[in-house]
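S.K.: The structure's right below; bear with me while I get my questions together.
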Amino acid sequence: MIQDILYFTLYFFSLLFITLSMVTLAKYRRFQDKKILNSTNTYIFGLLFLAIYIFIATLNTGKFIVKELLINYYSSYIGYLNYLLIISELFIIIFMSVCYLITALLLKEINN
Amino acid sequence: MGELLDLLLLMQKYLVVILVFITAILWYNIKSKNKISFYTNTTIINLIFATSFPFIIDIIHFIPKNITFLIKSILIFITSIALFFSSLINYKTKRKERHKLLRELVDKKKDTPLKLEFVREIIEPELSLMKKEKKRLEKEKAIIKEGKETLKKYNKKLEKIRENLSLEKIELKNQEKDLKKQKSHLNKEEDNIDELKDLIEINKKKIEKLKNKAEKEYIEAKEKKKNLFLYEDELNKEKNILELEKAKITKEKYEQNKYKEKIDKENENILLKEREIYETKKKQKQAENELLSLKRKIKTLQTIIKKHNIQEEI
């Protein structure tokens with residue numbers, strides 16, 4: 001139980017900080033040169049995928065709350081969560097890493 | 001299906017790790033060449049790429065799953081915190097710097113190198129451009145002046161035309177008003193005509209109904225007339241028959257009158273005879289009455305005689 005709470009809080013705060021950092025990075029764009037704006041947008045997009053992954057992980061780790069409070073919906077919640085986990089494991093992380101790779105390629109082009 | 005899914009997941013994990021490594025190598029190459037531009041913030045990008053490193057732990061099989069999951073979640077948490085704070089600090093410092101720069105640019109007392117550079121690099125070319133523009137504008141102004149004079153002449157002409165036009169406009173307005181009035185009048189008349197048309201149509205319908213009715217009545221009257229003619233013929237026939245009968249009846253009447261006269265005469269004779277009978281009957285009654293009175297007298301006399309006889313005997 002304590003382990004579940006620990007994971008849930010870790011993922012919850014990670015999600016919060018990632019979201020806030022996305023907002024600050026979006027604001028930070030106005031101090032950046034137009035040349036690197038494309039790469040900035042790309043890594044913000046990658047962070048969005050990471051935020052989605054962390055959100056699904058938060059839902060997964062927070063299932064003990066559903067079990068405690070909404071026991072009637074627990075089975076359907078688990079079913080829905082399994083689909084989400086499969087999607088996140090199969091696609092979202094790949095999308096994130098592809099976004100980072102594109103960022104690196106764009107930065108290479110700019111800095112050459 | 002489950003095995004295929006597991007295989008895909010495993011492949012995906014390896015693919016992610018490969019992509020992360022390629023990205024890291026690329027970024028390392030860029031950094032090692034020392035060719036990074038002034039605007040690229042390396043710490044933020046380092047931290048962003050660091051957010052993908054926790055996914056490398058997924059393919060390390062000798063570490064137990066629980067520990068892997070714990071390390072992964074802790075690493076994600078640490079990188080997200082670091083990213084947030086570094087981005088926030090960078091954003092704040094950049095904002096302060098920009099604010100300071102803007103203040104210096106506005107400050108008239110200080111001649112900072114940036115301000116001078118700004119004047120040299122941006123304002124001076126702009127000024128030269130503006131001077132050129134000014135010359136061009138002056139030329140245009142002269143041309144415009146010439147044009148203005150010609151325009152003034154044209155304007156005078158135009159004013160005259162305008163006055164005429166304004167008069168014409170007033171006339172046209174008056175005409176328009178009249179036309180509007182006429183139009184409204186016509187509209188009213190049109191409405192009246194429409195109403196009359198409606199009335200006429202209603203009357204037409206009524207007339208048609210009456211016509212149909214009259215036709216029906218005419219046909220009925222014709223038939224009645226025919227019937228009447230036939231009836232009249234029959235009546236005439238009956239009249240002739242009746243006249244003949246009348247003639248017969250008059251003859252009979254005449255004869256009856258004659259007969260009546262005879263009967264009257266006979267009646268008179270009868271009445272006379274009856275009177276005679278009545279008188280005779282009266283006389284008979286009188287005679288009878290006289291007879292009765294005589295009888296009574298006789299009786300009385302007989303009684304008297306009898307009484308007289310008795311007395312005599314006594």
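S.K.: Can you find a residue that is modelled with pLDDT of 90 or more, aliphatic (A, V, I, L, M) and surrounded by 15 or more Cβ atoms within 10 Å (Cβ to Cβ) anywhere in segment A:33-44?
M.R.: Yes, there is a match, as at least one residue in segment A:33-44 is modelled with pLDDT of 90 or more, aliphatic (A, V, I, L, M) and surrounded by 15 or more Cβ atoms within 10 Å (Cβ to Cβ).
Residue-wise test of (1) within 14 Å of chain A (Cβ to nearest Cβ); (2) touching a Leu at 6+ places or on another chain (Cβ under 8 Å).
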| site | (1), (2) |
| --- | --- |
| B:97 | yes, no |
| B:118 | no, yes |
| B:122 | no, no |
| B:125 | no, no |
| B:140 | no, no |
| B:146 | no, no |
| B:166 | no, no |
| B:172 | no, no |
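S.K.: If you don't mind, another one. Among all residue pairs at least 6 apart or on different chains, which show Cβ distances below 6 Å where the first residue, located in segment B:192-221, is surrounded by fewer than 12 Cβ atoms within 10 Å (Cβ to Cβ) and the second is β-branched (Val, Ile, Thr)?
M.R.: none
S.K.: Related question: Are any residues in segment A:89-112 at the interface with another protein chain (Cβ under 7 Å from one of its Cβ atoms) and among the acidic types (Asp, Glu), and if so, which ones?
M.R.: A:89
S.K.: Filter segment A:64-96 down to residues that are touching a residue at least 40 places away in the same chain (Cβ under 8 Å) and of a type outside the set (Phe, Trp, Tyr) and give me whichever is surrounded by the fewest Cβ atoms within 10 Å (Cβ to Cβ).
M.R.: Applying the filter and picking the extreme gives A:65.
S.K.: Here are some residues: B:63, B:56, B:76, B:45. Which one is without any contact (Cβ under 8 Å) to a residue 24 or more places away in the chain and part of a helix (DSSP H, G or I)? Steps first, please.
M.R.: Working: B:63 fails: part of a helix (DSSP H, G or I); B:56 fails: without any contact (Cβ under 8 Å) to a residue 24 or more places away in the chain; B:76 fails: without any contact (Cβ under 8 Å) to a residue 24 or more places away in the chain.
It is B:45.
S.K.: I'm trying to understand the selection: among the residues of segment B:26-42, which are assigned to a helix (DSSP H, G or I) and either aromatic (Phe, Trp, Tyr) or closer than 19 Å to residue A:52 by Cβ (or both)?
M.R.: Answer for segment B:26-42, where residues must be assigned to a helix (DSSP H, G or I) and either aromatic (Phe, Trp, Tyr) or closer than 19 Å to residue A:52 by Cβ (or both): B:27, B:28.
S.K.: Between B:23, B:40, which is at pLDDT 90 or above, crowded, with 17+ Cβ neighbours inside 10 Å and either within 22 Å of residue B:87 (Cα to Cα) or touching a strand residue (DSSP E or B) at 6+ places or on another chain (Cβ under 6 Å) (or both)? Working first, answer last.
M.R.: Working: B:40 fails: at pLDDT 90 or above.
Selected residue: B:23, the only one of B:23, B:40 that is at pLDDT 90 or above, crowded, with 17+ Cβ neighbours inside 10 Å and either within 22 Å of residue B:87 (Cα to Cα) or touching a strand residue (DSSP E or B) at 6+ places or on another chain (Cβ under 6 Å) (or both).
S.K.: Would you call residue B:23 within 8 Å of chain A (Cβ to nearest Cβ), outside any helix (DSSP H, G or I), in contact with a helix residue (DSSP H, G or I) (Cβ under 8 Å, 6 or more places away or on another chain) and within 21 Å of residue A:47 (Cβ to Cβ)?
M.R.: no
S.K.: Run down A:41, A:72 and say which single residue is away from chain B (no Cβ under 12 Å), over 15 Å from the mean Cα position of the chain (by Cα), of a type outside the set (Lys, Arg) and within 22 Å of residue B:92 (Cα to Cα).
M.R.: The unique qualifying residue is A:41.
A quick yes/no check of all residues on (1) under 30 Å from residue A:23 (Cβ atoms); (2) more than 60 Å from the chain's Cα centre (by Cα); (3) surrounded by 11 or more Cβ atoms within 10 Å (Cβ to Cβ):
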site: B:87; (1), (2), (3): yes, yes, yes
site: B:105; (1), (2), (3): yes, yes, yes
site: B:112; (1), (2), (3): no, yes, yes
site: B:130; (1), (2), (3): no, yes, yes
site: B:174; (1), (2), (3): no, no, no
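S.K.: When the residues of segment B:62-78 are narrowed to those that are of a type in the set (Val, Ile, Thr) and facing chain A (nearest Cβ under 8 Å), which ends up surrounded by the fewest Cβ atoms within 10 Å (Cβ to Cβ)?
M.R.: B:74
S.K.: Give the residues of segment A:1-16 that are more than 10 Å from chain B (Cβ to nearest Cβ) and either touching a residue at least 60 places away in the same chain (Cβ under 8 Å) or under 9 Å from the mean Cα position of the chain (by Cα) (or both), sorted by residue number.
M.R.: Within segment A:1-16, A:1, A:4 qualify.
S.K.: Which one of these is assigned to a helix (DSSP H, G or I) and more than 7 Å from every other protein chain (Cβ to nearest Cβ): A:24, A:19?
M.R.: Working: A:24 fails: more than 7 Å from every other protein chain (Cβ to nearest Cβ).
Answer to the check: A:19.
S.K.: Among the residues of segment A:34-81, write down those that are in a helix (DSSP H, G or I), of a type in the set (A, V, I, L, M) and more than 27 Å from residue B:24 (Cα to Cα).
M.R.: If the condition is that a residue be in a helix (DSSP H, G or I), of a type in the set (A, V, I, L, M) and more than 27 Å from residue B:24 (Cα to Cα), then A:59, A:65, A:66, A:69, A:71, A:78, A:81 are the ones that fit.
The values are calculated or read from the model by the stated rules, or taken from the named source; none is laboratory data. None of these values were measured; they are calculated from a predicted model. A quick note on method: Cβ atoms are made from the backbone with ideal geometry, for glycine too, and the neighbour counts reach across all protein chains shown.
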